[in-house]
Amino acid sequence: MKLAIAVVLLGLQEPPKKEEAKAPAAKPPVYTALVGGDVHTISRGVLRGATVLLKDQKIHRVGQALDLPEGTITIDVTGKRVLPGFVAVQAQGLALASGAGGKVSDSLDPFQEQVKIALACGITSAFIEMGGSGGFFGGGTPSAGSNAVVKMSYGALEGMTLLEPAAHSLQTWVSGGAADRHEIRQSFVKARDLVERERDFERRRAENKLKPNEQPVRAADPFARLLKGELIARISAPDADAIRRALELVNEFRFRCVLMDVVEGWTLPDEIGRARAYVVVTVRNKQHADRRMARPSGSSIEQAAILRKAGVKFAISPITPAVTTGGIAGRDLTGLPIEAAFAVRGGLDEAAALEAITLTAAEICGVDARVGSIEEGKDADLVVLDGDPLDYRTFVDLTFVNGKLLYEKSKSSYFNHLKGKGR
Amino acid sequence: MKALGLLAALLLAPGDGDETTAITQVRIIPVGRDEIASGTIVLRGGKIVELGADVKPPAGAALIDGKGRVAFPGLVHLFTRIGTAGTSGGGGGNSPQNLAAEEINPSLDVFERLTRAGVTVCGIFPAGGVLAGQGVTIKPLGGTREEMILDRSAFLMVHMQASTSAKDGLKQAFEAAKKAIESEKKPAVATGKPAEGAPKPATPAKPDEKTESLVKFLKGEMPALVAVSSAAEILHFWQVLEGFAEFGKVRVVLVAGPEAWKAAAELGSRKARVALNPTLTFVPQTRIRVNGAAEIARSGARLALVPDGDSPWALEGYLFQVGELVKHGLGREEALKAITLTPAEFLGLDKRVGSLEAGKDADLLLLDGDPLSAQTRIRRVFIGGKVVHSED
């Protein structure tokens, strides 16, 4: 990074030709072009028969008539779909070597077989946690353990961690007692004060008005980081009660929050929208309405579509957020787009369904500046599909992470023999 | 009983140095150079004096008829706990000052197990936590510790784990060693006038007990054997070392588990030193065979093999297992090196042992067939020119 900046600065002072001659030691960039596919950029619609040009680990250019630099490795993907790699907002048992305490990034296993299977199913990034007790039904929200968003960079530890920590659990706000809620509120009040003092310190420093030997103020605890928007809170809130309770706290302290395992979100979409909370939807999580209640209750397959209309941002997650080889298609992370397809059955438009497993999922994970859409400058984490992304018959053909081709169906011991006879 | 007999033979042996032995008409597989279909090896003073097809036995030499026999270097077993008193070492935590040499119990009746299997040099590692201590190299002669030990501080032992505590512990230990090296480099007397309020220039602090071996490791004076049970742990260890990239001479031997082959590309590009058990494994979730040793050798990494445990069965079946690897695609030359010269090099002993060469220790085996054949028996084992095992 620093080198690049230095080169740019040099470039400002000298004619560009000299600058090029000055850096002979740098490795020449590797260009790879995926040519002729339908490119689902997610952020800017679909480009038919377009080219995605990768430069080393990044997306360099996207367009329909690109000049390719000399020596570009060209991969013909005519008739195929090119998408950003899917992002799993929660994943269990993925990419970890051990459950030991400490940082996730120190315990990653880039050679884990599930990482390879995740790639085969189009997942390139996932939120994982370690060491904490589980949330709703043993999964979902982190509590006390550590968490991170990691890439499925099979075989490479370098460039695997995208963000650590990525979230902070406020589960006890919903599931705990009055004492827990008091503690959380007190922590926010204290953190709010600390953040204000930190801002004041930074402002006076910028204006050179610090007292001699004044100690800097650092607001670095999780609550302060939540208030500063550096972390997102995760709260498992399946029913309307839990959702309301969570929103109460969000509205009081204005922090980024994602409601996990949401079932009854469709009954109060506007309240969620006004609080600007994110939602994680499991489309096929069925729950019967409670007939003793006057208000609407239970699950609805239309939840995602309803939230969309209310302007709520949501990600889609499968019933079992794990990578297994034993599940029924679409029940776990091996069929993430299928879970999204069920939201389409509930009235969601297809583009929004894809956004929920790519860009919005990345936003909820706090990594949308790097991944989640096909845009110039973003990480080259891509999938090439052999058909409609939401069709149950579609296979992943190729998966790229950090510009590296890490999965090829034609060479996979899991999927190579499956020829897609249903079409 | 046999051990006693051997001991007696050793005690009765005439003074070292003068006795000359010549093994004649023997097929020689020297390792690292071409085979000799029939030649003579001359041993004197515990060393190989000369060998070759045209070498004549010196006058007065005791002659051993090597007809029908194959001479091969003694095997080097670089990673074992055999012959140590128990399993307890330094307990958990980092204790690089612990010496495996202190754990050796020479009266244990296990050294014969090694020589019977053709092992003439071994590296014994200390038990313990992540930074377990220092390994010792020995010749499995029995007798006293002093007679057996080649190097009391032969290597640093690291039991790698993919965890924050393991990685931070290692970083801290290396950091301390780095500081010690930097303070060594600084002249004891400051040249300019000392800066205001600066601590007065201390005499270069001698690294403490715990740091000493790490200093040697960073300077490249002592290798580290790093036990990595998974391929991921290899990457995590390299990540720790990255912070100390200025020490370009560090020597790391990865004592790897069965899935190390998954990292073959990386191991090859770094020309890593890898030690493996001679076992075949599977592609995960399949019954597709993988020859990890062959994959790693093919990648360009340096390969040593280690017997698959310390049981008599593991030791005596070792050469046959190595043969299986050759059957499944490991180069024969590569395999023969991987059980002799390469592990010797990993332990820093390749100037002394690991191949049959004039000037090297007279540690050799006389076999009645090809070393990797299942039908071959080890007929005689020499350590330092003396017969320590004989079936003739």
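The values are calculated or read from the model by the stated rules, or taken from the named source; none is laboratory data. Being a predicted model, the structure only gives us computed values, none of them experimental. All Cβ positions, even for glycine, are placed from backbone atoms using ideal geometry, and neighbour counts span all protein chains on display. Areas reflect the complete protein model, heavy atoms only, side chains present, ligands, DNA and RNA absent. Shrake-Rupley method; radii C 1.70, N 1.55, O 1.52, S 1.80 Å.
Is one or more of the residues making up region B:280-298 polar (S, T, N, Q) and in contact (Cβ under 8 Å) with a residue 24 or more places away in the chain? So far as region B:280-298 goes, yes, one or more of its residues are polar (S, T, N, Q) and in contact (Cβ under 8 Å) with a residue 24 or more places away in the chain.
Of all residues in region A:75-106, those that are more than 14 Å from every other protein chain (Cβ to nearest Cβ), among the small types (Gly, Ala, Ser) and crowded, with 19+ Cβ neighbours inside 10 Å total 3.
Of all residues in region B:45-82, which are open to solvent by 60 Å² or more (accessible area, probe 1.4 Å) and closer than 24 Å to B:VAL136 by Cβ? Within region B:45-82, B:LYS47 is the sole residue that qualifies. Report yes if some residue within region A:338-345 is part of a helix (DSSP H, G or I), at pLDDT below 95 and open to solvent by less than 10 Å² (accessible area, probe 1.4 Å); otherwise report no. Checked region A:338-345: at least one residue is part of a helix (DSSP H, G or I), at pLDDT below 95 and open to solvent by less than 10 Å² (accessible area, probe 1.4 Å).
I want to confirm something. Restricting to region A:107-117 and keeping residues that are at the interface with another protein chain (Cβ under 8 Å from one of its Cβ atoms) and not in a loop (DSSP other than H, G, I, E, B), which single residue is surrounded by the fewest Cβ atoms within 10 Å (Cβ to Cβ)? Quick ask: steps written out before the conclusion?
Taking region A:107-117 as the starting set, the residues that turn out to be at the interface with another protein chain (Cβ under 8 Å from one of its Cβ atoms) are A:107-113.
Retained after the next criterion (residues that are not in a loop (DSSP other than H, G, I, E, B)): A:108, A:113.
On the way: A:LEU108: 28, A:GLU113: 17.
Here the residue is A:GLU113.
For region B:259-276, a residue qualifies if it is surrounded by fewer than 22 Cβ atoms within 10 Å (Cβ to Cβ) and more than 10 Å from chain A (Cβ to nearest Cβ), and the qualifying residues are B:GLY268, B:SER269, B:ARG270, B:LYS271.
Scan region B:317-348 residue by residue and report those that are more than 18 Å from the chain's Cα centre (by Cα) and either part of a helix (DSSP H, G or I) or surrounded by 24 or more Cβ atoms within 10 Å (Cβ to Cβ) (or both).
Going through region B:317-348, the residues more than 18 Å from the chain's Cα centre (by Cα) turn out to be B:317, B:320-321, B:323-333.
Residues satisfying the conditions are B:PHE320, B:GLN321, B:GLY323, B:GLU324, B:LEU325, B:VAL326, B:LYS327, B:LEU330, B:ARG332, B:GLU333.
Taken over region B:285-310, the criterion of being modelled with pLDDT under 95 and open to solvent by 50 Å² or more (accessible area, probe 1.4 Å) is satisfied by B:GLN285, B:ARG287, B:ILE288, B:ARG289, B:ASP308.
Of the strands (runs of 3 or more DSSP E) lying entirely inside region A:381-423, the ones with 3 or more residues being crowded, with 22+ Cβ neighbours inside 10 Å and in contact (Cβ under 8 Å) with a residue 60 or more places away in the chain are found at A:382-385, A:396-401. Name the residues in region B:15-64 that are under 25 Å from B:LYS337 (Cβ atoms), touching a residue at least 40 places away in the same chain (Cβ under 8 Å) and not in a loop (DSSP other than H, G, I, E, B), would you? Once the filter is applied, which keeps residues that are under 25 Å from B:LYS337 (Cβ atoms), touching a residue at least 40 places away in the same chain (Cβ under 8 Å) and not in a loop (DSSP other than H, G, I, E, B), region B:15-64 yields B:ILE23, B:VAL26, B:ARG27, B:ILE28, B:ILE41, B:LEU43, B:LYS47, B:ILE48, B:VAL49, B:GLU50, B:LEU51. B:ASP168 meets all of the listed conditions (1) free of Cβ contacts under 8 Å to residues at least 60 places away in the same chain; (2) in a helix (DSSP H, G or I); (3) away from chain A (no Cβ under 14 Å) but one, namely (3). Residues that are of a type in the set (A, V, I, L, M, F, W, C), over 21 Å from the mean Cα position of the chain (by Cα), in a helix (DSSP H, G or I) and within 10 Å of chain A (Cβ to nearest Cβ): does region B:287-297 have at least one? No, the conditions are met nowhere in region B:287-297.
From the list B:ASP310, B:ASP392, the lone residue that is within 29 Å of B:GLN134 (Cβ to Cβ) and in a loop (DSSP other than H, G, I, E, B) is B:ASP310. Checking each residue in region A:44-63 for being not hydrophobic (A, V, I, L, M, F, W, C) and not in a loop (DSSP other than H, G, I, E, B) picks out A:ARG48, A:GLY49, A:THR51, A:LYS55, A:LYS58, A:HIS60, A:ARG61, A:GLY63. In a residue-by-residue description of region A:400-411, the property of being modelled with pLDDT under 95, within 14 Å of chain B (Cβ to nearest Cβ) and over 16 Å from the mean Cα position of the chain (by Cα) applies to at least one position. Annotation for region B:242-255: no member residue is over 17 Å from B:LYS178 (Cβ atoms), open to solvent by 70 Å² or more (accessible area, probe 1.4 Å) and at the interface with another protein chain (Cβ under 10 Å from one of its Cβ atoms).
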